[in-house]
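Student: Sending over a structure as structure tokens; questions will come in a sec.
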Amino acid sequence: MIRIENLYVELGKFALRDINLTVDESEYFIILGPTGAGKTVLLESIAGLNPVKRGTIWLKDRDITNYKPEKRGVSIVYQDHALFPHFSVKDNILFGLMLRKKTRKELLTAQDWLGDLLGISHLLNRKTATLSGGERQKVALARALSTKPDVLLLDEPLSALDPETREAVQEELRKLHVTLNNTIIHVTHDFEEAMTLGTRIAVIGEGQLKQVGTPEEIFHRPVSPFVARFVMTRNILAGQAEKNAGGESAFRVGVTEFFAASEFEGVCYAAIRPEDILISLVPVPPGPPNCLTGIIVQITDKGSTLYIKVNVPPEISCLITRRHFNEMGFYTGQRVYLTFLPSSVHLFKG
Amino acid sequence: MFIKRLISNKMNLIFGLLGLIILLFIAIPLGKMILGSNPGILLKTFLDPQVINAICLTLYAALIATIFGCLLGVPLAYLLSRFNFRGKRLLEGLIDVPIVVPHTAAGIALLFVFGRNFIIGRAFGNLGIQFVDSIAGIVIAMLFVSVPFLVDSVKEGFNKVDVRLEKVARSLGASPWQAFTRISLPLAWPSIVAGNIMMWARGISEFGAVIILAYYPMTAPTLIYQRFETLGLSYSQPIAALLIIVCVIAFIILRALAYRGDKHDQD
């Protein structure tokens, strides 16, 4: 559907470098990255809103690299919705069709379809300034869908919304994708949003793609410390791996050693997700291969969950529920045991 | 309510008193000018064809200058708002130079370029357009000294229009022209109108550059000066009063439009 080859875009001091990406038809593709990573630049380059210095962008086997934005067949929705403030809701959503000089009947049909699709029929005559955040987002989506674009580009569409509205609009996006079966490229810095919506995710940082894969791959098998940190894998340890018999590797960091369920050798990183570690006051019988002991050095309350940092050494964080925390009565300075399976340890070169 | 809040705070009270001095400094001379004229002389002046002609010529020349300023200044303001490039600050500074140079000096500079001894002046002369002692000269002088007000105001107006609105319009199928005329221009309209009125009002009051380039035909400020020099204060004052009334009306319209523009932005 969309194929990006060796894309290089320069904007002032920032550059998007060596972007190679394929997005399949009907895919809900997520571009995930921190602020300033180049997500919006990439999205706008696909839309033709940034000049491409090198590389090619293909859409449905057409080389659209030098196409004008209005000829590409892609629509963009921005974080703050960018609704035209001098138009009513109806004029906003029909803007693209009016430019195409559609007949009155066609405009009415489109208006009814979009009104029903996004549940905004009752808002059509309102001024955009009177809409709530969620309503504005729906109007922006309706406007973008009105021209039936080949690809819908969403630039942080949920960031400006309160948590409750965000969840509702997230659900709306999921339903919309199922209903229309269209190709969506959605940019976000929120990895939970990416996990929920994306069929595949590309992680971007410092103007370069760091990893492309399914949510499962990105979440559990990051290929670099950057990606691991970004998906909140708090335990990223640099050390030395040694293959042993039985398809496992022993990973050594300082004086501490534990096992990983993959064959690896040499200097590398080990990533262990905090939620994959069991914390207890006594060793867990019958003694699984990875059981470490250490002292609690920090407890961070996140509301329904808590992060507990244990100095083995190295320092390892684990995530527990509030109920578990209350039952166990953990405190700073306490000796505890950390247990995790070799399959929870992901080794990578970085 | 406002007075109550003002006197409840020592700092606000001091600021209020200092502000009052500047308000009186502006209001007293203007009020004295309008109210202090002898009614008989004022009426006689209002009926003087030379005065009426001078005021009409001033308004007309300022309008022509504003139309040219708008046609040439709005595109420039848009480009300055939308693009960052090396030397942009220098260019913006250059546009504002006519505000800071003495206007008689501006007149002399214009005389050099549009006079009969320079290539541009000669080229226009061959087309039958003379700038010395002509309406064209008055227009050029007004344009030169007042166009920075228009460019600055319009640029601010375009700065307030989110560039992403244009990007969305483009992705929906609008050409650059369509995005400009349907999105940016209507949204910047209050600032464009305000800039035009500001330029027109500033053109009306121009004296220094006009007197160098075109003493004749006489504009209202030139006539005020001539009457003051030849007949004295009491004969120049009524013309000045009339001109001030015209400028104040233009200024009130400008403020009203700017207020409407701000309200629109807040919506």
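Student: Using the Cα centre of chain A as origin and beta-carbon charges of +1 (Lys, Arg) and -1 (Asp, Glu), tell me which of A:Tyr67, A:Ala142, A:Thr196 is placed farthest towards the positive end of the dipole.
Tutor: Ranked along the dipole, the leading option is A:Tyr67.
Student: Please report Rg (one decimal) and Dmax (integer) in Å for the Cα set of chain A.
Tutor: Final numbers for Rg and Dmax: 24.4, 76 Å.
Student: What relative contact order, as a whole-number percentage, does chain A give when Cα pairs under 8 Å and 6 or more residues apart are counted?
Tutor: On the way: 732 pairs, mean separation 54.9, N = 350.
Relative contact order, chain A: 16 percent.
Student: Mind putting a number on the dipole of chain B about its Cα centre? Charges go on the C-beta only, +1 for Lys and Arg and -1 for Asp and Glu, and I need it in Debye to the nearest 20. Spell out each step's value before the answer.
Tutor: Details: 22 positive and 13 negative charges, 138 e Å.
Charge dipole of chain B: 660 debye, to the nearest 20.
Student: For the range B:73-208, what is Rg from Cα atoms divided by 2.2 N^0.38 Å, rounded to two decimals? Each step should come with its number before you reach the end.
Tutor: On the way: Rg = 17.8 Å, N = 136, 2.2 N^0.38 = 14.2 Å.
Computed over Cα atoms of the range B:73-208, the ratio equals 1.25.
Student: For chain A, what is the charge dipole size about the Cα centre, in debye to the nearest 20, if Lys and Arg each add +1 at the Cβ and Asp and Glu each add -1 at the Cβ? Numbers along the way, then the final one.
Tutor: Details: 40 positive and 40 negative charges, 218 e Å.
It comes to approximately 1040 debye.
Student: Let me ask something else about it. Using Cβ contacts closer than 10 Å as the measure, can you line up A:Val336, A:Val255, B:Val147 from fewest to most?
Tutor: Numbers: A:Val336 18, A:Val255 8, B:Val147 25.
Fewest-to-most Cβ neighbours within 10 Å comes out as A:Val255, A:Val336, B:Val147.
Student: Along the charge dipole of the protein assembly as shown, pointing to its positive end and built from +1/-1 on Cβ of Lys, Arg, Asp and Glu, which listed residue (A:Pro157, B:Gly173, B:Ser184) has its Cα farthest out?
Tutor: Toward the positive end, the furthest listed residue is B:Ser184.
Student: Please list the equivalent ellipsoid semi-axes of the range B:1-127, computed as the square roots of five times the alpha-carbon gyration tensor eigenvalues, in descending order and whole angstrom. Numbers along the way, then the final one.
Tutor: Details: eigenvalues 312, 190, 41 Å².
Ellipsoid semi-axes (Å, largest first): 40, 31, 14.
Student: Starting from the Cα-Cα distance between B:Asp162 and B:Ser8, subtract it from 0.36 nm times their residue separation and give me the gain in nm to one decimal. Could the numbers behind the result be given before it?
Tutor: Working: separation 154, 0.36 × 154 = 55.44 nm, distance 4.05 nm.
So the extension gain works out to 51.4 nm.
Student: Ratio to report: Rg/Rh of the protein assembly as shown, with Cα atoms as the point set and Rh obtained by the Kirkwood method; give two decimals.
Tutor: On the way: Rg = 35.0 Å, Rh = 30.5 Å.
Across the protein assembly as shown, the Cα-based Rg/Rh ratio is 1.15.
Student: To continue, here is another question. Pop the C-beta distance of B:Ser134 and B:Ile21 into the FRET formula with R0 = 60 Å and round what comes out to the nearest 0.05.
Tutor: 0.85
Student: Next question, about the same structure. Using a 7 Å offset from the Cα along the Cα-to-Cβ direction at both A:Phe325 and B:Leu72, what is the distance between the two label points in nm, to one decimal?
Tutor: 7.0
Student: What does the convex hull of the Cα atoms come to per residue for the range A:233-348, in Å³? Let's see the in-between values first.
Tutor: Working: hull volume 10.7 nm³, N = 116.
Convex hull of Cα atoms, per residue: 92 Å³.
Student: Could you state the principal axis extents of the C-alpha atoms in the range B:40-266, from the largest down, to the nearest angstrom?
Tutor: That works out to 66, 44, 29 Å along the principal axes.
Student: Once the dipole of the protein assembly as shown is set up with Lys and Arg at +1 and Asp and Glu at -1 on Cβ about the Cα centre, which of A:Val282, A:Ile308, A:Thr40 lies farthest towards its positive end?
Tutor: Of the candidates, A:Thr40 comes out farthest on the positive side.
Student: Could you grab the relative contact order for chain B? Cα pairs under 8 Å, six or more apart, rounded to a whole percent.
Tutor: Values: 296 pairs, mean separation 74.9, N = 267.
Relative CO of chain B lands at 28 percent.
Student: Starting from a Cα-only point model with no solvent, please compute log10 I(q)/I(0) by Debye for the range A:32-104 at q = 0.20, 0.23, 0.25, 0.27 1/Å.
Tutor: Taking Cα atoms of the range A:32-104 as identical point scatterers yields -1.00, -1.12, -1.18, -1.24.
Student: In nm, to one decimal, how far is the B:Ala105 label point from the A:Glu263 one, both placed 7 Å along Cα→Cβ?
Tutor: So the label points at B:Ala105 and A:Glu263 sit 8.4 nm apart.
Student: Once the Cβ-Cβ distance between B:Asn53 and B:Val113 is put in as r, and R0 is 22 Å, what FRET efficiency do you end up with, to the nearest 0.05? Present the calculation step by step, with values, prior to reporting the outcome.
Tutor: Working: r = 28 Å, r/R0 = 1.28.
It comes to 0.20.
Student: Oh, and also: PRE reach from A:Lys175 (point 7 Å along Cα→Cβ): which of the range A:113-139 fall under 19 Å by backbone N?
Tutor: A:113-124, A:132-139
Student: To continue, here is another question. What share of the DSSP beta bridges in chain A is antiparallel, in percent to the nearest 5?
Tutor: On the way: 63 of 81 bridges.
Taking every DSSP beta bridge within chain A, about 80 percent pair in antiparallel fashion.
Student: Still on this structure, please answer the following. For the range A:233-348, with only Lys/Arg (+1) and Asp/Glu (-1) charged at the beta-carbon, what is the dipole magnitude about the Cα centre, in debye rounded to 20?
Tutor: Values: 9 positive and 10 negative charges, 79 e Å.
Taking the Cα centre of the range A:233-348 as origin, the dipole is about 380 debye.
Student: Which trypsin sites (Lys or Arg not before Pro) in the range B:86-124 pass both tests, a DSSP loop state and at most 10 other beta-carbon atoms within 10 Å? Kindly include the intermediate steps, with their values, before the conclusion.
Tutor: Working: sites: B:Arg86, B:Lys88, B:Arg89, B:Arg116, B:Arg122; in loops: B:Arg86, B:Arg116.
Within the range B:86-124, the qualifying trypsin sites (Lys or Arg not before Pro) (loop, at most 10 other Cβ atoms within 10 Å) are B:Arg86.
Student: Please report A:Tyr331, A:Tyr28 as a ranked list, fewest other C-beta atoms within 10 angstrom at the top and most at the bottom. Each step should come with its number before you reach the end.
Tutor: Values: A:Tyr331 8, A:Tyr28 22.
Starting with the residue having the fewest Cβ neighbours, the order is A:Tyr331, A:Tyr28.
Student: How many nm is it between the label spots at A:Asp61 and A:Thr305, if each spot is 7 Å from the Cα in line with the beta carbon?
Tutor: For A:Asp61 paired with A:Thr305, the spin-label model returns 4.5 nm.
Student: Using the 2.2 N^0.38 Å rule of thumb for compact globular proteins, work out how the range A:1-133 stacks up: its C-alpha Rg over that value, please.
Tutor: Working: Rg = 17.5 Å, N = 133, 2.2 N^0.38 = 14.1 Å.
Output field value: 1.24.
Student: Let me ask you something else. Mind listing which GluC sites (Glu not before Pro) in the range A:1-92 are in a DSSP loop and have 14 or fewer other Cβ atoms within 10 Å?
Tutor: Values: sites: A:Glu5, A:Glu10, A:Glu25, A:Glu27, A:Glu44, A:Glu70; in loops: A:Glu25, A:Glu27.
Passing both the DSSP loop test and the Cβ count: A:Glu25.
Student: A further question follows. Taking neighbour counts of Cβ atoms within 10 Å as a proxy for exposure, in what order, fewest first, do A:Ser262, B:Ser8, B:Ser191 appear?
Tutor: Values: A:Ser262 18, B:Ser8 9, B:Ser191 25.
Ranked by crowding around the Cβ, least crowded first: B:Ser8, A:Ser262, B:Ser191.
Quick note: the coordinates plus some simple rules give every number you see, no bench work behind them. No experiment lies behind these values; they were computed from the predicted model shown. No Cβ is skipped: glycine too gets one built from the backbone with ideal geometry, and neighbour counts run over all protein chains shown.
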